[in-house]
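A short worksheet on the structure shown next.
The values are calculated or read from the model by the stated rules, or taken from the named source; none is laboratory data. In this text the structure is predicted, and so the values were computed from the model without any measurement. Positions of Cβ are generated from backbone atoms using ideal geometry, with glycine treated the same way; all protein chains shown enter the neighbour counts.
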Amino acid sequence: MDMHSLERFEGPSRYAGNELNAIHKDWEGRFRVALSYPDLYEVGMSSHGIQILYHLLNTIDSVVVERVFAPFHDLEAWLREHGVPLFSLESRQPLGSFDVIAFSLGTELTYTNLLNMLDLAKLPVRSEDRSEWPIVIAGGSCTFNPEPMSAFVDAFGIGDGEDLFPEIVRNLAASRAAGVGHHDALETLARDVEGVYVPSLYKTRPALNEAPYVVAEPISSELPATVHKRVVESLDDAFAPVAPIVPYRELVHDRGVIELFRGCVRGCRFCEAGISYRPTRERSLASIQKQLEQLVANTGYEEVGLLSLSSTDYSDLPGLVRLVRAYREKHKVAISFPSLRMENFPGYLADEIKQTREGSLTFAIEAGSQRLRDVINKNITEESIFETLRTVFGKGWHLVKFYFMFGLPTETEQDLDAMVDLVSRIYTFGKGFRRDIAINLSINPFVPRPDTPFQWCAQDTPESYDAKIDHLRKGFRALKGKLHVEFGDPRISFLEGFLSRGDRRVCNVIETAWKNGAKFDAWREYFKFDVWQLAIAASGLDAADFLYRSIPLHDELPWQVIDSGVSTDFLREEYLSAEKSKRLSTCRETGCHACGIQEYLNPCPTSALINATSP
């Protein structure tokens, strides 16, 4: 398909390729990897992980890496009508002509898109029906419970990809060069590379104690009973893309990116990322400055975002602000801090952000009552909330956005009322600073995630969530016209919970839903809840087994085949602390809590971080 042919499709630049800093290699004699993101180009190209792996793997001379994204409906229809297989951006080669197709799975809502892309590539969607190369692999945060996608993906890479995926590629390239077949190459990969899970080499059995799941165990003693995630020890020594691809079209996150640190010290009990990205590893100020200079020179970006789960937890925040301020003043480049916390938001940071952003600030409070914030280990007091808002409003911001959740464990109607009351008091407080105060709320249903202290908790039904939305809407009526409130869709949260907590039998549900038209499930306008309901009903599975019941603390779980780095004993202790509304301080404040990550890196780098004093 030539460039002119693309003009007939919506957003033709999604498929054009040839962007600044894209890499083109000769295929002759090289091992071929298709780096795939199962969503639209503007979503996939916003992924920092995609940029890392694309440029890192292309540094291997014997490897060629190209990109492919989920086509939108109009291009998909054209491909199917004309019998043209899905192709890569760089060379327009059919996806099936690569040696490896590597998917990034950052959300369960892209699962059906992965199947659709394999089908568009004219490949069988199920692993058992593929006996020849290419090999389909996947990485990303969703792989900490790989079982729901185990029928479709040949191998999962678990954990940090900078060390793991080059090793996977080199291992598979050696097998390919030696003429090893598909199945034998996967056996070699699973045996020789730590952090790799090959589902076909693990059989399932019913969970013990009559738990309503099936769990996986290896068919051979040569395979690990539990696959341990890979952990990059030092961000300063890890690969970072300083010449990322600069797209033609606006992305979801359209700016340069520097990873400030990986992991989080906070320990919120609902947060899967806070577990899977442990331990916290920071990038040094010298490394940040060097990357900043190279990134801007190589891209021309006028904004750079400092990526982290909590920017304000950087140990030398004053030094970081001084660095950012000096660079901004010299080069006129905006540098953003996208993840802010209310309990440690200093005035000097507010001053710096004010220089580059006049729009809004966003904070995650999560729960309205102090009791419920203690349950979820969200260490924010009302005093810190209003102290931060005194700084924010006093510095001149008039628009502030807050994230809340509902349906949290132990939540009562009083907790919902406390959310309404807190927001009302925040609005009144803000009006004391300026008349045009504006507050946006994003209120989302809670989903109990694997590898968190709340993995044993029940999830509310969509009907229960709907009732709570009605209750909150009534509560906010007194503030009508003063707030903008958005609620997450309980039906989408249902699907997230079902897929994230599922076992291997859920594969049949995903395939059935895809065959019946489920695609782009993360996009509200294309989400088809009825299709998923019918697929679950046809499977004979009871969604209540995965979602609507509390799980006994010692039951076997579908995702226990993967070690997230945090021990189950620690998660149980945190669950019991939540029941008592007992908070756990950060290990930077009180020392190591022995969460289990020290089995990977000892001493754990999180506890070694020391806060600098304010300037």
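Worth a mention:
- For the residues Val561, Val566, the requirement of being at negative phi, in contact (Cβ under 8 Å) with a residue 12 or more places away in the chain and in contact with a strand residue (DSSP E or B) (Cβ under 7 Å, 6 or more places away or on another chain) singles out Val561.
- The one condition in (1) among the charged types (D, E, K, R); (2) surrounded by fewer than 24 Cβ atoms within 10 Å (Cβ to Cβ); (3) more than 24 Å from Pro85 (Cα to Cα) that Glu147 fails to fulfil: (2)
- Inside the stretch 158-206, residues that are out of contact with any strand residue (DSSP E or B) (no Cβ under 8 Å at 6 or more places or on another chain), assigned to a helix (DSSP H, G or I) and closer than 20 Å to Ser127 by Cα make up a count of 8.
Results for (1) among the hydroxyl-bearing types (Ser, Thr, Tyr); (2) surrounded by fewer than 22 Cβ atoms within 10 Å (Cβ to Cβ); (3) at pLDDT 95 or above; (4) assigned to a loop (DSSP other than H, G, I, E, B), shown as yes or no for each residue.
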position	(1), (2), (3), (4)
Met117	no, no, yes, no
Pro124	no, yes, yes, yes
Glu128	no, yes, yes, no
Trp133	no, yes, yes, yes
Ile137	no, no, yes, no
Val153	no, no, yes, yes
Phe156	no, no, yes, no
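- Residue count for the stretch 308-365, restricted to those that are under 14 Å from Leu292 (Cα atoms) and small (Gly, Ala, Ser): 3.
- All positions within the stretch 135-190 that are of a type in the set (Phe, Trp, Tyr) and over 20 Å from Phe98 (Cα atoms): Phe144
- Number of residues in the stretch 12-35 that are over 17 Å from Pro241 (Cβ atoms) and either aromatic (Phe, Trp, Tyr) or part of a loop (DSSP other than H, G, I, E, B) (or both): the value is 10.
Per-residue answers, yes or no, for (1) in a loop (DSSP other than H, G, I, E, B); (2) without any contact (Cβ under 8 Å) to a residue 60 or more places away in the chain; (3) touching a strand residue (DSSP E or B) at 6+ places or on another chain (Cβ under 6 Å):
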site	(1), (2), (3)
Val485	no, yes, yes
Gly497	no, yes, no
Asp503	yes, no, yes
Cys507	no, no, no
Trp514	no, no, no
Gly517	yes, yes, no
Asp521	yes, no, no
Asp530	no, yes, no
Ala537	no, yes, no
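- Some residue of the stretch 552-573 being more than 28 Å from Gly157 (Cα to Cα), at pLDDT 95 or above and crowded, with 18+ Cβ neighbours inside 10 Å: no
- Take the conditions (1) surrounded by 14 or more Cβ atoms within 10 Å (Cβ to Cβ); (2) among the aliphatic types (A, V, I, L, M); (3) more than 29 Å from Glu42 (Cα to Cα); Ala513 misses just one of them, which is (3).
- Sole residue being more than 26 Å from Cys271 (Cβ to Cβ) and of a type in the set (Ser, Thr, Tyr), chosen from Tyr548, Tyr600, Tyr526: Tyr526
- Against the conditions (1) closer than 23 Å to Glu599 by Cβ; (2) not in a loop (DSSP other than H, G, I, E, B); (3) not charged (D, E, K, R), Ala225 satisfies every one except (2).
- The residues in the stretch 60-108 that are of a type in the set (Lys, Arg) and either surrounded by fewer than 18 Cβ atoms within 10 Å (Cβ to Cβ) or assigned to a loop (DSSP other than H, G, I, E, B) (or both) can be counted, and the count is 2.
- One residue alone among Val180, Val169 is over 28 Å from Gly502 (Cα atoms), without any contact (Cβ under 8 Å) to a residue 12 or more places away in the chain and either buried (at least 21 other Cβ atoms within 10 Å of the Cβ) or not small (Gly, Ala, Ser) (or both), and that residue is Val180.
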